[in-house]
Amino acid sequence: MAHCGTGWIATFLLITALPAGSATAAPTWCTVPIEQERAVLASKPFELPPIDAIPHALANVHTGGIVHRGNWDEVHAAAHDWTLMLRAALAWRAGAGAGQYEVARRLLIAWSDTYRPTLDPIDETGLDRLIETFAILKSRLPAAERTRIAAWLDDWGSAYVDSIKRFAQPDHSIWINNWQSRRIKLITMIAAATSDERLFDEARRLFRLQIAANMHLDGETLDFAVRDALHYVVYDLEPLLRAALTARGFQRRGLVSLGNAGACLARASGGLADTLCLRRTQP
C-alpha cells in the first residue's frame, strides 16, 4: 500500500494491530530513532529553512476564498511559516545544529504570541505543524517560554472542547463531518504536546463519538455518502488517523481500541487504500 502513496494509512493499520502494551511506556512525541532521522535528513528530503528566516505571524488566518484576491497571498505566505518551523524542528532533532533550533523557536514564539485562535477547523488544520514543533522543542525551551506556550495551547484546545459542548448538533453536518475530524485532531495533538490528561480524556471521548457519527460499520464515511468524492474520504480520515497515531505515542492507552471504533476506522482506511491502489494501477 505504501507504494501507492498511502503509507500513512498502512502505518495506522499496522499500529492499531499492535496490543496496547507495545507502545512505549513513557510519553513520547516521535518514536523514530535518531539514527534513522539522521539518515533521512542526509538524503535531503526538503530544503532547510534559512537561519535568518523572518516570521510572518498573523493574528488570524482564513485559508479559503479566491486565489490572489483579498489577503489570500498574505495568508498563504504567512502559513508557510508553519512548514518552515516544523522542518527546522525535525532537522534540529536529527542533528542539523543549533541554528535550526533557533529558527523553529523564533517562528514558534512569534506565532504563539500573535495568533488568536478562531476555532475554525478548516482554517486552523494546518496549525498542527505548530503544535508538533512545540512538542519537539519543548524539552529544550526555556521554562518560561515552555509554560507560556503550553498554556496558550491548552486554552485553545479547551476552547474547541467547549465550543463542541455548547454548539454541536448531532444532525448538523459540520459537527459530524470532516470539520469535526479536524477539531478532534487539533484537540488530541494539543493534549499530547502539553501532556494534558484532562484534555486527552475529552479527545478520547470525542474521537469515539465521531467514529460512531461519521462512519458506517462497513467503513463508509459521511462525507463520501453525501459528496461521492474520494478526497472527502481523505478529509474525514486523515485527521482521525493523525489523532490516533499521535495518541499512540503519547500514552499506552491510545484513542483506538479493538472495539467498534477501531474496527470502523481500520475498515475505512483499508478501503480507501485499496481504492487508491486500484485507481493508480488502472490505465
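Where a number appears in this text, it was derived from the coordinates with a stated rule and is not lab data. Everything quoted here is computed from the prediction, not taken from an experiment. Note: ideal-geometry Cβ built from the backbone for every residue, glycine included; neighbour counts use all protein chains shown.
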In nm, give the distance between the simple-model label positions of Cys30 and Asp73, each being 7 Å from the Cα along the Cα-to-Cβ direction. 3.4 nm
Given the C-alpha atoms of the stretch 55-141, compute the convex hull and give its volume per residue in Å³. 87 Å³
For Ile51 and Ser195, calculate 0.36 nm times their separation in residues minus their Cα-Cα distance, and state this gained length in nm to one decimal. 48.8 nm
So, in nm, how far is label Arg116 from label His62 when the simple model puts each one 7 Å beyond its Cα toward the Cβ? 1.5 nm
To the nearest 0.05, what FRET efficiency results for Lys165 and Ala144 with a Förster distance of 22 Å applied to their C-beta separation? 0.10
Alpha-carbon centroids, the stretch 146-186 and the stretch 37-112: separation in whole Å: 24 Å
One finds, for Ala42 and Thr83 with R0 = 25 angstrom and r their Cβ-Cβ distance, a FRET efficiency to the nearest 0.05 of 0.75
